[in-house]
Amino acid sequence: MTSLSQEEAFARIRLLRSPNIGPVSYAMLLQRFGTAEAALEALPELSARGGRHYRPVTIDAIEREVEAVRKADAKYLFHDQPAYPALLREIDGAPPILTWRGDLALASRPCVAMVGARNASAAAVKLARDFANALAQAGFTVVSGLARGIDGAAHEGALPATIGVIASGIDIAYPPQHADLQERIAGEGLLIAEQPPGTEPRGSHFPSRNRIIAGLASGTLVVEAAPKSGSLITARLAGEAGREVMAIPGSPLDARSHGCNQLIREGAVLVNSPEDVIELISGFDGQPRSRVRDDTPNCDLAPGELTAAEPTELAEILTAAPVPVDELIRQSGGNAAGVQLALLELEIAGLLERHAGGRVSLLR
C-alpha cells in the first residue's frame, strides 16, 4: 500500500491495542475483514463464539496515545507501508505497528544485529565498540537493544549508523543510565518501539523486542553471553528466521563466554574480526551458513480462506502445554482455515495464548 486514511490508521491502532489482540490475530483479522474498522465491528461476535463478552479499547484511550506519540516527536509505521523494513516484514509475528524517531532510512540499509552480556568484560565491551565502528564504516547499520554492556558499546561504536530497539514505549528511557544515549540515537540514528508510549518495560516485552532486533538484520553477532541469556534468545530467533548467526569465541574459564561457545557448537559461524562479519553479510543470499534454527511448519492462508469452525472442539483438546498449530489440525481432523479461525476466536475471548514457533495453548 502507499497511503492510509487517518480513519483506518486510527482503527488499526485501536484494533492492536484492544484486549487479547496480538500480531498474529491482528494479521488474521485484517486478512478476513479487509479493514481494521470492519474487524473492530466483528470482535464482539467473534469473542461470543469463543464464549466471552468483548469490548474493544476505548476511542479516548487511542486519542491519548496518538497525542503522546506526537508529544514524543515520534511517528507511526504500519506493516504494509513502503518504509516498513523488508526483512522485518518477513518474520512470523512481525510487529504490525511501530513507533519511531530518527532516520528511518537506516533500516533499509544492510543491517547487522549485535548483542551480548549486560555485565560484559572490559575486553568484550571494547571489542563490541570496535566491531560496530568497523561495520558502520563499511556501510552497515548496527542494530541492538540499548541494554548495558555490549548493546551500549555497539550503539556507541556505530553512531550515527545504529538502530536502538527498546522494550518500553518510545517516550520511556530504559535503562535510566542510557537516557542520554537513547536520546542521541533518536536524534542521530533510529529509535524503534513496539509498545505504546508510556509503557514501562516488563519481562515479557524483552523477547518481543529481541525478535525485532533479529528480524531487522541479515545476521546477528553475539559478542559475549552466558548460556541462559536474552542474547542467545535473539540469536536463536535469528536462526529460526533464516538469518546468519555469528559468535565470537571466548575463554572456557569465563562463564560470560560459555553462551558464545555453545552457539558455535550448535552451528553458529565463528568470527574473529569485523571482516569476517562483512564477508558473511555482504554475501548473504537468504541461505545462511549457520545452522542455529528450528524450522516450524507455517500455515499460510490465502485471503478469504478463513471459514467458520467450532472453537469449543479445539478447547477440548488443548491444554496449558504449548502445541504446534499443525498438530492441532491433524488431531482435530479440521481444515487449516477452520482451525485458524477457531483459534482466533478463542484468543479474542481471552482463552488462548500464543507462543514462539507457531505454538498455542489454553491460557493458564
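So is Ala128 of a type in the set (A, V, I, L, M, F, W, C), touching a residue at least 60 places away in the same chain (Cβ under 8 Å), open to solvent by less than 50 Å² (accessible area, probe 1.4 Å) and part of a helix (DSSP H, G or I) or not? Yes. How many of the residues in segment 193-231 are among the hydroxyl-bearing types (Ser, Thr, Tyr), closer than 26 Å to Cys260 by Cα and either crowded, with 24+ Cβ neighbours inside 10 Å or modelled with pLDDT of 95 or more (or both)? So the count comes out to 3. Out of curiosity, is Glu240 buried (at least 24 other Cβ atoms within 10 Å of the Cβ), touching a residue at least 24 places away in the same chain (Cβ under 8 Å) and not hydrophobic (A, V, I, L, M, F, W, C)? Criteria not met by Glu240.
The set of residues in segment 57-81 that are of a type in the set (S, T, N, Q) and either over 14 Å from Ala11 (Cα atoms) or open to solvent by less than 30 Å² (accessible area, probe 1.4 Å) (or both) contains only Gln81. For Ala179, the criteria (1) assigned to a helix (DSSP H, G or I); (2) open to solvent by less than 10 Å² (accessible area, probe 1.4 Å) hold in every case but one, which is (2).
When you check Ala107 against the structure, is it closer than 30 Å to Gly357 by Cβ and not in a helix (DSSP H, G or I), yes or no? Answer is no for this residue.
The condition of being open to solvent by 10 Å² or more (accessible area, probe 1.4 Å) and within 19 Å of the chain's Cα centre (by Cα) does not hold for Gly164.
Determine, yes or no, whether Ala123 is assigned to a helix (DSSP H, G or I), more than 30 Å from Ser18 (Cβ to Cβ) and free of Cβ contacts under 8 Å to residues at least 24 places away in the same chain. Considered against the rule, which asks whether it is assigned to a helix (DSSP H, G or I), more than 30 Å from Ser18 (Cβ to Cβ) and free of Cβ contacts under 8 Å to residues at least 24 places away in the same chain, Ala123 comes out as yes. Among the conditions (1) open to solvent by 30 Å² or more (accessible area, probe 1.4 Å); (2) touching a Gly at 6+ places or on another chain (Cβ under 7 Å), the only one that Arg184 does not satisfy is (2). In this structure, Ala27 does not satisfy being aliphatic (A, V, I, L, M), part of a helix (DSSP H, G or I), more than 25 Å from Arg211 (Cα to Cα) and open to solvent by 30 Å² or more (accessible area, probe 1.4 Å). In the condition set (1) open to solvent by less than 30 Å² (accessible area, probe 1.4 Å); (2) touching a strand residue (DSSP E or B) at 6+ places or on another chain (Cβ under 9 Å); (3) without any contact (Cβ under 8 Å) to a residue 60 or more places away in the chain, Asp276 is compliant with all but (1).
The values are calculated or read from the model by the stated rules, or taken from the named source; none is laboratory data. These numbers come from a predicted model, not from an experiment. So basically every Cβ, Gly included, is an ideal-geometry build from the backbone, and we count neighbours across all protein chains shown. In case anyone asks, the SASA skips ligands and DNA or RNA and just uses the protein heavy atoms, side chains included. Shrake-Rupley method; radii C 1.70, N 1.55, O 1.52, S 1.80 Å.
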